[in-house]
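First the structure, in the form of structure tokens, and then the observations on it.
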Amino acid sequence: MNLPDEITLDPADWNGWRTLLHRAVDDAIDDLAQLRARPAWQPMPEPVREALRQPAPVHGSSAEAVYDDVRRHIVPYSWGNTHPRSWGWVNGTGTVGGLLAEIVTGAMNTNVPLGNQAASVLEQQVIEWSRELMGFPEGTTGLLVTGASIANLVGLTVARDAMGEDVPSRGCSGAGALTVYCSSESHSSVDKAVAVLGIGTNQLRRVAVDADMRIDLAALRAAIAEDRARGFRPACVVGNAGTVNNGAIDDLDALADLCAGEDLWLHVDGAFGAVARLAPARRAALRGMERADSLAFDYHKWLQVPYEAGCILVRDGAAHRRASFALTRSYLSALERGASAGPDFSQLGPELSRAFRALKIWMTFRQTGTETLGRLVEQNCRQATWLSERLPRIPGCVVAAPVRLNVVPFRLEPPLLDGAARDTVNRELLMRLQERGIAIPSGTIIGGRFTLRVAITNHRTRREDLEALAQSVEAIGRELAAD
Ligand SMILES: *Cc1c(COP(=O)(O)O)cnc(C)c1O
């Protein structure tokens, strides 16, 4: 017998929800199938923003009415990263197969901090696949995280803890003045991790790069020697496998040798570039990555898995299991049988409650296969090479750094303008490309000058899209010259 005032969020009418969810699936398929006909990006108009500015609802509305608002006010104004002409920052596009995984994950709504459940088995399987694909040895541990930022944080935590005495209890005072090394091209998530970990960004050495934008090994060696002479404790080198500005890959084999000789931890930030290992023609450039002590990379960028999905691999599994995350709590301990009797992911990273990230990765791999994923990586690299040859045919357009993978930085350099005026032209060019819904490159600074960049991690891009970009750059460049 129910108590008279018991309520639930389950519907009285399941069939009404069935109908609504079927409609949502139909809408989603239509959206995905028609992406190419939509603008690459459009700003959310003020009336729409206004419509969303509401006090927190005290009373619920019908699910249909809420869904209609979502269709009208939210779905059209995404960041655009699913579009065939989305090349800004380093964004993944997702797949229709990934949508299926998200539906299943949403319905299961299982929590994966630990435990005896299919999600644990699948996460271990995905980590095992990742270990093999990245060439790491047995005994490697790994964890699925939101993205490479957290993967870098976890990798650097294990590095810090392995370098100091009892750092989890004593903090960095147990380790001395640790120093960390990366190149001037490394991602800001490395700075964030070093700050969060209490090492301090003053002790992050950003080493100069060579003409190819790879870390200068002589400068790195000199920086380490100088720090040792000054009483610092060099702990870790962060190598790049694909930088955001031009896709540069550091000489990872040389870094592995250097770290072995200096007794330093080698962490590699391979957020997007690491998965270029799936493309046979790109493997040589990544040689040495498999020797890293830890490797961070994303599935949600070049492998097209829906957000959020990143991975950290740690070669010395024992060091990973002893690091700061390894706290045990009575309320989280596993019994020998039952629902708790499984792996404890919460002891390998900062999160306790965790989404079932493994399913969308596992399903993407199963649906697509590593061969096709590798072919798509190769396709994007060739598209980037093609674009790097096409853009200089536009008067005044230059490619601003060597193109080694899938990233093409470029800018207009109108001959009569000085540097500051050129920056204005290129910023305006970028904003017009985006605002007109033509394409989404993003911006950066290279050599002190504002530069557009096209990072192709997009399985929907065709060469005609890049040709359309080139033609628009030329046309807008003429407009700007006339202004
Ligand atoms: C994207 C990126 C990151 C951060 O990854 P998230 O998944 O966005 O957290 C780190 N390093 C590089 C080189 C990146 O491209």
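Of these, 218, 235, which one is on the phi < 0 side of the Ramachandran plot, open to solvent by 20 Å² or more (accessible area, probe 1.4 Å) and more than 16 Å from the ligand (Cβ to nearest atom)?
218 is the lone residue from the list that is on the phi < 0 side of the Ramachandran plot, open to solvent by 20 Å² or more (accessible area, probe 1.4 Å) and more than 16 Å from the ligand (Cβ to nearest atom).
What do you reckon, is residue 349 buried (at least 19 other Cβ atoms within 10 Å of the Cβ) and within 16 Å of the ligand (Cβ to nearest atom)?
In short, yes.
Residues in region 288-302: is at least one farther than 22 Å from residue 193 by Cα and within 16 Å of the ligand (Cβ to nearest atom)?
yes
For region 367-403, which positions are among the small types (Gly, Ala, Ser) and surrounded by fewer than 15 Cβ atoms within 10 Å (Cβ to Cβ)?
369
Might you let me know whether region 404-424 holds any residue that is buried (at least 22 other Cβ atoms within 10 Å of the Cβ) and in a helix (DSSP H, G or I)?
So far as region 404-424 goes, no, none of its residues is buried (at least 22 other Cβ atoms within 10 Å of the Cβ) and in a helix (DSSP H, G or I).
Can you tell me which residue is farthest from residue 364 (Cα to Cα) among those in region 265-281 that are more than 16 Å from the ligand (Cβ to nearest atom) and open to solvent by 10 Å² or more (accessible area, probe 1.4 Å)?
265
Could you say whether any residue in region 218-226 is in contact with a strand residue (DSSP E or B) (Cβ under 6 Å, 6 or more places away or on another chain) and assigned to a loop (DSSP other than H, G, I, E, B)?
Scanning region 218-226 turns up no residue that is in contact with a strand residue (DSSP E or B) (Cβ under 6 Å, 6 or more places away or on another chain) and assigned to a loop (DSSP other than H, G, I, E, B).
Cβ-Cβ distance below 6 Å, separation of 6 or more or different chains: which pairs start in region 47-75 with a residue that is touching a residue at least 12 places away in the same chain (Cβ under 8 Å) and under 23 Å from residue 20 (Cα atoms) and end on one that is exposed (fewer than 12 other Cβ atoms within 10 Å of the Cβ) and among the basic types (Lys, Arg)?
So the pair list comes out empty.
Could you check region 175-191 and list, in sequence order, the residues that are among the small types (Gly, Ala, Ser) and either modelled with pLDDT under 95 or open to solvent by 20 Å² or more (accessible area, probe 1.4 Å) (or both)? First the steps, then the outcome.
Our first condition is that a residue be among the small types (Gly, Ala, Ser); within region 175-191, this holds for 175-177, 183-184, 186, 188-189.
175, 176, 177, 184, 188, listed by residue number.
For region 254-283, enumerate the residues that are closer than 24 Å to residue 129 by Cβ and part of a helix (DSSP H, G or I).
Answer for region 254-283, where residues must be closer than 24 Å to residue 129 by Cβ and part of a helix (DSSP H, G or I): 256, 273, 274, 275, 276, 277, 278, 280, 281, 282.
Would you point out the residue of region 303-318, among those that are more than 12 Å from the ligand (Cβ to nearest atom) and either at pLDDT below 95 or open to solvent by 10 Å² or more (accessible area, probe 1.4 Å) (or both), that is nearest to residue 116 (Cα to Cα)?
318
Which one of the conditions (1) crowded, with 22+ Cβ neighbours inside 10 Å; (2) at pLDDT 95 or above does residue 206 fail to meet, given that it meets all the rest?
(1)
What number of residues in region 218-263 are of a type in the set (Ser, Thr, Tyr) and more than 22 Å from residue 153 (Cα to Cα)?
Total meeting the criteria: 0.
Output the number of the condition that residue 194 fails; it satisfies all remaining conditions of (1) buried (at least 22 other Cβ atoms within 10 Å of the Cβ); (2) within 16 Å of the ligand (Cβ to nearest atom); (3) of a type in the set (A, V, I, L, M); (4) closer than 27 Å to residue 114 by Cβ.
If we test residue 194 against (1) buried (at least 22 other Cβ atoms within 10 Å of the Cβ); (2) within 16 Å of the ligand (Cβ to nearest atom); (3) of a type in the set (A, V, I, L, M); (4) closer than 27 Å to residue 114 by Cβ, just (4) comes out false.
In region 444-483, which residues are part of a loop (DSSP other than H, G, I, E, B) and over 19 Å from residue 88 (Cβ atoms)?
Scanning region 444-483 gives 447, 448, 483.
Of a type in the set (Val, Ile, Thr), within 16 Å of the ligand (Cβ to nearest atom) and open to solvent by 20 Å² or more (accessible area, probe 1.4 Å): is that true of residue 244 in this structure?
It is true that residue 244 is of a type in the set (Val, Ile, Thr), within 16 Å of the ligand (Cβ to nearest atom) and open to solvent by 20 Å² or more (accessible area, probe 1.4 Å).
Of everything in region 138-150 that's outside any loop (DSSP other than H, G, I, E, B) and in contact with a Leu (Cβ under 8 Å, 6 or more places away or on another chain), which residue is surrounded by the fewest Cβ atoms within 10 Å (Cβ to Cβ)?
Out of the qualifying residues, it is 141.
Quick check: is even one residue across region 438-448 open to solvent by 40 Å² or more (accessible area, probe 1.4 Å) and over 26 Å from the mean Cα position of the chain (by Cα)?
Within region 438-448, none of the residues are open to solvent by 40 Å² or more (accessible area, probe 1.4 Å) and over 26 Å from the mean Cα position of the chain (by Cα).
The values are calculated or read from the model by the stated rules, or taken from the named source; none is laboratory data. Nothing here was measured: the structure is a model prediction, and the numbers come from that model. All Cβ positions, even for glycine, are placed from backbone atoms using ideal geometry, and neighbour counts span all protein chains on display. Side chains are part of the model used for accessible areas, which takes the heavy atoms of the whole protein and leaves out ligands, DNA and RNA. Shrake-Rupley method; radii C 1.70, N 1.55, O 1.52, S 1.80 Å.
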